[in-house]
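Asker: Pasting a structure here, questions to come.
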Amino acid sequence: MKVDFLIIGQGLSGTFLSFYLKKAGKTFLVIDDEKPNAASRIASGVINPVTGRRIVKTWKIDELMPFAFSAYKEISEFLKIPSCIHEGAVLNMHTTKQMQQAFNNRLQNDPSDYIRLCANEDNWSEYFNFEFGIGETYPVLIINLFDLLRNWRRYLMNSKYLQAEHFEEESCFREDHIIRYKNVEAKKLIYCDGASVASNPYFNKLPFAYNKGEALIVSIPKLPRDFIYKQGLSMVPWRNEDLFWVGSTYEWRFPDDLPSASFKERVETYLKNNLKLPFKVVEHFSGIRPANSERRPFVGFHPIYINVGILNGMGTKGCSLAPYFAHQLVQNILTGTLIDKEADINRFSMQHFD
Ligand SMILES: Cc1cc2nc3c(=O)[nH]c(=O)nc-3n(C[C@H](O)[C@H](O)[C@H](O)COP(=O)(O)OP(=O)(O)OC[C@H]3O[C@@H](n4cnc5c(N)ncnc54)[C@H](O)[C@@H]3O)c2cc1C
């Protein structure tokens, strides 16, 4: 089998990279072992335009949000599935007086496109205990990652563009103009391997700072599904049932990637204290975000092995960054347009590639 590209991984990065290569008429084979707790499979799927206590806009968000909205709509249309992206709002139930004041000051002194007061605050007391009012973030984008990844995988498999297996480095041989892997010959190899990059021989010296996150999937049949509820933890509508994703943690030091009893206990206590509706925990996830200290993606081709590339480092923001930088990488391949210099891996010195 001869292809233009061999792609390792079908999380968000590999999905959008293969989508844009397909659109460009390139041939490829994706190899993916469908790790059940890969970040893309357990993420809540939210694109939130603001962050932190100071409620600042996230990097490039004015560009990333409209791009992401069109990208997810386009891939849904291609797959002939209902759109896997929709607009919603975050109801931020302030947990302290100070947080309420910070939100209101921000709204008064520096009104942004993305925050506003909650119009009908009292209606929410039927569902939640809250003391310090509600501020809204609007719009946010919510993505049904489950449908997207499953349907794109099905399309790739039916078209023989995907091999469901673990990619074994020791079976891959790189020459100047060709990559050989078992019965496959490819012109270029691109890794979209998420946190598994830790054992990647070409890119494992890039400054990744892996970050563990956990979430519970909770059935709450009576809670309206058009909002994300935030009160310390976030509750995000999950798939198309009566489920909510509740999380998360951001751990920089961790012994393993397994779900912990302490997280489950903490979230159950949180729900008992904050939610006025009956709930039932149905699942507990835990996985590793492919994050880095710069909070910028890692995109481009290896400076020495120029037919080996990477699309990774999406950190906590893969839903918005992966489509945008997959597109940028494909444009770079097709026409030589430059990759954003904050994301291009060639910003790193050679010691990161030894
Ligand atoms: C708890 C949690 C919540 C999150 N919530 C959000 C959110 O709301 N919004 C947001 O924007 N981001 C969120 N993120 C971050 C987001 O999930 C990641 O940035 C993004 O999913 C990374 O996608 P990726 O495709 O680069 O990597 P991954 O999703 O890790 O995908 C890598 C793929 O490669 C495959 N693979 C790896 N190695 C091999 C191999 N050797 N052989 C075969 N296959 C291989 C894996 O099976 C996997 O399918 C969250 C992450 C976590 C953990």
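The values are calculated or read from the model by the stated rules, or taken from the named source; none is laboratory data. This is a predicted model, so every value here is computed, not measured. Positions of Cβ are generated from backbone atoms using ideal geometry, with glycine treated the same way; all protein chains shown enter the neighbour counts. Side chains included, ligands, DNA and RNA excluded: accessible areas come from the protein's heavy atoms. Shrake-Rupley method; radii C 1.70, N 1.55, O 1.52, S 1.80 Å.
Asker: How many residues, within region 100-135, are assigned to a helix (DSSP H, G or I), at pLDDT 90 or above and charged (D, E, K, R)?
Answerer: Residues that pass the stated criteria total 3.
Asker: Those residues that are closer than 22 Å to Ser260 by Cα and either in contact with a helix residue (DSSP H, G or I) (Cβ under 9 Å, 6 or more places away or on another chain) or near the ligand (Cβ under 8 Å from one of its atoms) (or both), I need them from region 195-216; list them, please. Don't jump to the end; show me each part of the working.
Answerer: Of the residues in region 195-216, the ones closer than 22 Å to Ser260 by Cα are 195-196, 209-216.
Of everything in region 195-216, those that are closer than 22 Å to Ser260 by Cα and either in contact with a helix residue (DSSP H, G or I) (Cβ under 9 Å, 6 or more places away or on another chain) or near the ligand (Cβ under 8 Å from one of its atoms) (or both) turn out to be Ala195, Ser196, Tyr210, Asn211, Lys212, Gly213, Glu214, Ala215, Leu216.
For every residue, the table says whether it meets (1) in contact (Cβ under 8 Å) with a residue 24 or more places away in the chain; (2) within 14 Å of the ligand (Cβ to nearest atom); (3) within 22 Å of Trp252 (Cβ to Cβ); (4) touching a Cys at 6+ places or on another chain (Cβ under 9 Å).
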| residue | (1), (2), (3), (4) |
| --- | --- |
| Ala291 | yes, yes, yes, no |
| Arg295 | yes, yes, yes, no |
| Val299 | yes, yes, no, no |
| Tyr305 | yes, no, no, no |
| Leu311 | yes, yes, no, yes |
| Phe325 | yes, yes, no, no |
| Gln328 | yes, no, no, no |
| Gly336 | no, no, no, no |
| Gln351 | yes, no, no, no |
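Asker: Here are some residues: Ser262, Ser234. Which one is loosely packed, with under 12 Cβ neighbours inside 10 Å and not in a loop (DSSP other than H, G, I, E, B)? Even if it seems obvious, please write down each step before you answer.
Answerer: Details: Ser234 fails: loosely packed, with under 12 Cβ neighbours inside 10 Å.
Every option except Ser262 fails the conditions.
Asker: Scan region 270-293 for residues that are surrounded by fewer than 15 Cβ atoms within 10 Å (Cβ to Cβ) and within 20 Å of Pro237 (Cα to Cα) and jot them down.
Answerer: Of the residues in region 270-293, the ones surrounded by fewer than 15 Cβ atoms within 10 Å (Cβ to Cβ) are 272-273, 276-278, 280-283, 293.
Answer for region 270-293, where residues must be surrounded by fewer than 15 Cβ atoms within 10 Å (Cβ to Cβ) and within 20 Å of Pro237 (Cα to Cα): Lys272, Asn273, Lys276, Leu277, Pro278, Lys280, Val281, Val282, Glu283.
Asker: Give the residues of region 18-42 that are open to solvent by 30 Å² or more (accessible area, probe 1.4 Å) and of a type outside the set (S, T, N, Q), sorted by residue number.
Answerer: Keep residues of region 18-42 that are open to solvent by 30 Å² or more (accessible area, probe 1.4 Å), which gives 22-27, 33-37, 39, 41.
Listed by number, the residues that qualify are Lys22, Lys23, Ala24, Gly25, Lys26, Asp33, Glu34, Lys35, Pro36, Ala39, Arg41.
Asker: Quick one: count up the residues across region 298-313 that are aliphatic (A, V, I, L, M) and out of contact with any strand residue (DSSP E or B) (no Cβ under 8 Å at 6 or more places or on another chain).
Answerer: Here the count works out to 2.
Asker: Tally the residues that are crowded, with 17+ Cβ neighbours inside 10 Å, of a type outside the set (Ser, Thr, Tyr) and within 12 Å of the ligand (Cβ to nearest atom), restricting the search to region 157-188.
Answerer: Looking only at that region, the number is 4.
Asker: Which residues, taken from region 311-344, are surrounded by 22 or more Cβ atoms within 10 Å (Cβ to Cβ) and among the β-branched types (Val, Ile, Thr)?
Answerer: Val330
Asker: Further question: Please name all residue pairs, on different chains or six or more residues apart, with Cβ atoms under 9 Å, provided the first residue is in region 62-83 and is open to solvent by 60 Å² or more (accessible area, probe 1.4 Å) and the second residue is acidic (Asp, Glu).
Answerer: Going by the 9 Å Cβ cut-off, the qualifying pairs are Asp62/Asp113; Phe69/Glu87; Pro82/Asp147; Ser83/Glu77.
Asker: Let me ask you something else. For region 40-56, give me the residue count where each residue is outside any loop (DSSP other than H, G, I, E, B), more than 7 Å from the ligand (Cβ to nearest atom) and not aliphatic (A, V, I, L, M). Give the derivation first.
Answerer: The first filter runs over region 40-56 and keeps only residues outside any loop (DSSP other than H, G, I, E, B), leaving 40-42, 46-47, 50-51, 56.
Within this subset, residues satisfying the condition of being more than 7 Å from the ligand (Cβ to nearest atom) are 50-51, 56.
Checking which are not aliphatic (A, V, I, L, M) leaves us with 51.
Residues that pass the stated criteria total 1.
Asker: Kindly indicate whether any position in region 183-192 is closer than 21 Å to Asn92 by Cα and part of a strand (DSSP E or B).
Answerer: Just the residues of region 183-192 that are closer than 21 Å to Asn92 by Cα, to begin with: none.
Within region 183-192, none of the residues are closer than 21 Å to Asn92 by Cα and part of a strand (DSSP E or B).
Asker: For region 127-186, enumerate the residues that are among the hydroxyl-bearing types (Ser, Thr, Tyr), without any contact (Cβ under 8 Å) to a residue 24 or more places away in the chain and within 24 Å of Leu12 (Cα to Cα).
Answerer: Going residue by residue through region 127-186, those that are among the hydroxyl-bearing types (Ser, Thr, Tyr) are 127, 137-138, 155, 159, 161, 171, 181.
Checking the rest, the ones that are also without any contact (Cβ under 8 Å) to a residue 24 or more places away in the chain come to 159, 171.
Listed by number, the list holds a single entry, Ser159.
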